[in-house]
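Engineer: My questions all concern the structure below.
Laboratory data are not the source of any read-out in this text; all were calculated from the coordinates shown. Predicted model only: the values in this text are computed from it and were never measured. Here the Cβ positions follow ideal geometry from the backbone for every residue, glycine too, while neighbour counts run over all protein chains shown.
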Amino acid sequence: MILLPGISKGQDTLICDNGGFESNFTYYFGKTATYTSGSDDCTPLSSGTPVTWSNSSLPTFRRFEIVTSGVDTLVGINRTKFGSKAALINNRYGHTDSICNGHFDANKLIKRFKVTNENREFTVWFAAILENPSLHTNSQPFFSIKCDRAPVNDLCFDASILSCEDNYADTLCEYSEIDAIDWTCHRIKIPKNMIDSIATLEIIAADCGCGLHFGYAYVDGICEECDGSAFGSAKLYDNHPPDGNGLGISYNGCLDTISFCGSYELPTVCGTWDLDSIKILNYSIYNLVIDDVNQQFCFDIPLSVFGDTCVELFAALYFSSVYNILDPVFTNAIEICPGEYEKYEVDVISGSCQDNNTSTLISDDYYYVQVDLSNLHGDTFTIERWLDDPYPNESGHYVIKADTGDGTFNLGPFFIQEGSWMLTIKFANCIDTFIITPPNFCSGCNKFYRTTISNITCDDNGSYSIADDTWTFDIKVLGMSGTFDITGIGTGYSYNTIYTIDVPGYIGPECVEFTLVGGVGCISTIRVCPPKPCSNNEDCELEVYLKEISCAEEGTVFYIELDSTSGSGPGYLCYECFAFGDPGNTGNDNYFQGSFANPFGPFNDDIYITVYKCSTSACDCDPSCFKVLYFSAPDCDNLDYRIEKKNNSSIKQLTELIIIPNPLSGREFLIRSKLKETIFELYNFSSKLIYSGNFSGPDYTVSIDLAAGLYLIRYTNSEGLNSYVPLIKL
């Protein structure tokens, strides 16, 4: 048995013991005083000087009494909250025979206890009845709860802070209007560094400092749960991730921010109340959201402010009505240990060239990209692709993969001939972006390993007839001196020079093949597919991309999965497929036709697929809108991932163009550019163009209303290629 100063043998020292006063006043003692002012901060004063408290025996007539279950005969509230007994501090009749007049009384119930880890957070339930005289500045009847080891949780209010005034009849006395506060829970949280110290709990119920008017209170249920409190209540949740109602803790690893979502109950005391504000002791909070409908709240705190050790966190909620604001209502405390939260980690590695077991064909050279995601904390993510040089009238954007949680993902195959592109990874409110530069070709002659095919363009020739549409593409071969030939097109092309090639004939549902010759025995073959017809651009909103090539177990046939969109408006898709070089199905059994549906196949030869957009479900392969894709038969024995190098070219490292501020909370942002002329477009993450512009000089201001989410600004960089900057709208 631990003995404390002022506590006699046989008395316990733990705050929760006899918290319901079922053993009368065991473990408590009392003090009394008379006062004249000090109700505003619950500090009784006598002529401006702190009062002198006198010890009082327990019980004391009409100052400290134990009451049993029943109803308060004046205001009609229950006298007990838990069990069959409660403590009554002060009395409406005063402690002398001269009833119906207050006696300047301030009566204090005290309990001293040892602080332990188990009892350092506790509750006190009370019901207070305060007569509310007018024109009594700083001398109203008041009620307070204080613990010397947790001063931040002090509770103090007098009759003037509420508008609950009502007239109550008494058989003996006539009273002014009275504020009756039904059972209310108050939380006290003693810091960890106070464990093993001696704490003192003091509860005061006081009459009016000017006499005549009374204040009294019932106290019960110390250490009971805090639900259904008349002053309102609130709760924080320590589950991670949040539950199905969104209550709990979530961690945003890209912003290194913890989001807390809790619930609350509005006060039931008189008046109409709203949750006015929320504060966290010792920490600033951001992005506070109060959901009045579901009575929930959320806020963010940067993880970095917590340091390296575990900390306790609790919130103070302030409820307000038209006329009043209550003392803060405290939530329970939860423990935050920074070591339990790890920042999102994203690692992107591009693979080496794979020649697909062909000797001269470079167009089927491919590679994979490996993405390693860790510490996602169960968040859902999408991995998306943005081509730097998409076909005309196409965004070049599609989702490669959508999943949840950590993992290592091998993406592809990607064809080297498609050129560089941007990989974006979105999770929570974050976006990571990487520029993917494909490896050099590895088939054919090494003089053509650094060939680029770009700027595939349709020309309507001014006739506005699809049948007259022709097309071109640009070719450039880097790294050699001398010249090379393109069979059937021309001779004497110089290395390191861009040439625009006019493709013979008109745009049709088939790809074309060219042979590059760089000397005796130096041959490489390229295959290029045409753009969509441009005489029908407005109606031909159609994009199709490869998502995956897979082989059957025996490796003799393969299947293709495509990603497609038909744009806005009615759109039905159908397709036809031929073996390469065999349009019209002349004697080849590798021919398919039908409605668009994954997977496509099985195939056993190089093929091209033509996807058509139709206006009705009776899709008849209308030649006015189509997209052509070429796929070579994969080398199924080697359709795997090969590591070459880590791709460190994150777009966030580029400094030609930046967005200020980013993230954006308002409607206005600044584009700061180092380019002589900046041409840009703003896309949402559904690939919809929502703003475009161009400017000369360093700065350009955009003012636009954006919904919360992720956006991309695409601009033409100093090398004439498309680059991207992500924009986050909060």
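Engineer: Quick check: convex hull of the Cα atoms in region 241-382, volume per residue, rounded to a whole Å³?
Structural biologist: Value for region 241-382: 158 Å³ per residue.
Engineer: Something else about it: Report the residues of region 541-566 in range of a label on residue 604: point 7 Å along Cα→C-beta, backbone N strictly under 14 Å from it.
Structural biologist: So the set is 552-559.
Engineer: Farthest toward the dipole's positive end in the chain, which of 337, 56, 156, given Cβ charges of +1 (Lys, Arg) and -1 (Asp, Glu) about the Cα centre?
Structural biologist: 56
Engineer: Same structure again: Past 28 Å, Cα to Cα, is the threshold; run 114/235; 192/235; 532/674; 476/676 against it and keep the listed order.
Structural biologist: 532/674
Engineer: What are the principal axis extents of the Cα atoms in region 85-190, in Å, biggest first?
Structural biologist: 49, 29, 24
Engineer: Would you kindly compute the Cα radius of gyration of the chain and its largest Cα-Cα separation (Dmax), both in Å?
Structural biologist: So, for the chain, Rg and Dmax equal 38.7, 126 Å respectively.
Engineer: Let me ask something additional. In whole Å, how far is the Cα centre of region 393-468 from that of region 138-185?
Structural biologist: Going from one Cα centre to the other spans 71 Å.
Engineer: Okay, next question. Quick one: longest stretch of the chain between exposed loop GluC sites (Glu not before Pro), exposed meaning at most 16 other C-beta atoms within 10 Å and loop per DSSP?
Structural biologist: Longest stretch, sites excluded: 343-552.
Engineer: Still on this structure, I have one more. Quick one: Kirkwood hydrodynamic radius for region 451-493, alpha-carbon pairs, angstrom, one decimal?
Structural biologist: Radius from the Kirkwood sum: 12.6 Å.
Engineer: If you scale each eigenvalue of the Cα gyration tensor by 5 and take the root, what three semi-axes come out for region 195-315, rounded to whole angstrom and sorted largest first?
Structural biologist: Those come to 34, 20, 14 Å.
Engineer: Can you give the FRET efficiency for residue 399 and residue 117, using 1/(1 + (r/R0)^6), R0 = 41 Å, r = Cβ-Cβ distance, to the nearest 0.05?
Structural biologist: 0.25
Engineer: Let me ask you something else. Report the rotationally averaged projected area of region 100-152 based on its alpha-carbon convex hull, in square nanometres.
Structural biologist: Convex hull of Cα atoms, orientation-averaged projection: 5.5 nm².
Engineer: Give, in nm to one decimal, the length gained when the segment between residue 235 and residue 656 is fully stretched (0.36 nm per residue of separation minus the Cα-Cα distance).
Structural biologist: 146.8 nm
Engineer: Need the full-extension length gain, residue 322 to residue 165, defined as separation in residues times 0.36 nm minus the C-alpha distance. One decimal, nm.
Structural biologist: 55.0 nm
Engineer: May I ask you to order 249-255, 270-276, 323-329 by the average number of other C-beta atoms within 10 Å around their residues, highest value first?
Structural biologist: Result, highest mean first: 249-255, 323-329, 270-276.
Engineer: In vacuum, with every alpha carbon of region 449-547 counted as one equal point scatterer, what does the Debye formula give for log10 I(q)/I(0) at q = 0.14, 0.25 Å⁻¹? Two decimals, please.
Structural biologist: Ignoring solvent entirely, the Cα scatterers give -0.60, -1.34.
Engineer: Can I ask one more? If you take all C-alpha pairs in region 270-339, what percent of them are over 15 Å apart?
Structural biologist: That tail contains 60 percent of the Cα-Cα pairs.
Engineer: Please go through region 445-482 and write out the chymotrypsin sites (Phe, Trp or Tyr not before Pro) that DSSP classes as loop and that have at most 16 other C-beta atoms within 10 Å.
Structural biologist: Sparse-neighbourhood loop chymotrypsin sites (Phe, Trp or Tyr not before Pro): 464.
Engineer: What nm value, rounded to one decimal, do you get for the distance between residue 382 and residue 17 when each label is placed 7 Å out toward the C-beta?
Structural biologist: Going by the 7 Å Cα→Cβ label model, 6.2 nm.
Engineer: Using the Cα centre of region 242-371 as origin and beta-carbon charges of +1 (Lys, Arg) and -1 (Asp, Glu), tell me which of 301, 248, 267 is placed farthest towards the positive end of the dipole.
Structural biologist: So the residue we want is 267.
Engineer: When the chain is fully extended, how far beyond the present Cα-Cα distance does residue 676 get from residue 446, taking 0.36 nm per residue of separation?
Structural biologist: Going from the current span to full extension adds 79.1 nm.
Engineer: Still on this structure: What distance in nm separates the simple spin-label points at residue 690 and residue 283, each placed 7 Å from Cα in the Cβ direction?
Structural biologist: Placing both labels 7 Å beyond Cα along the Cβ direction yields 3.1 nm.
Engineer: Label-point separation (nm) for residue 410 and residue 225, each offset 7 Å from Cα along Cα-to-Cβ?
Structural biologist: The answer from the label model is 5.3 nm.
Engineer: Could you compute how fast region 351-398 diffuses translationally, taking Rh as the Kirkwood radius over C-alpha pairs and applying Stokes-Einstein at 10 °C with viscosity 1.306 mPa s? Give it in µm² per second.
Structural biologist: 112 µm²/s
Engineer: On to the next question. Normalised by the number of residues in the chain, what is the relative contact order in percent for Cα pairs under 8 Å and 6+ residues apart?
Structural biologist: 8 percent
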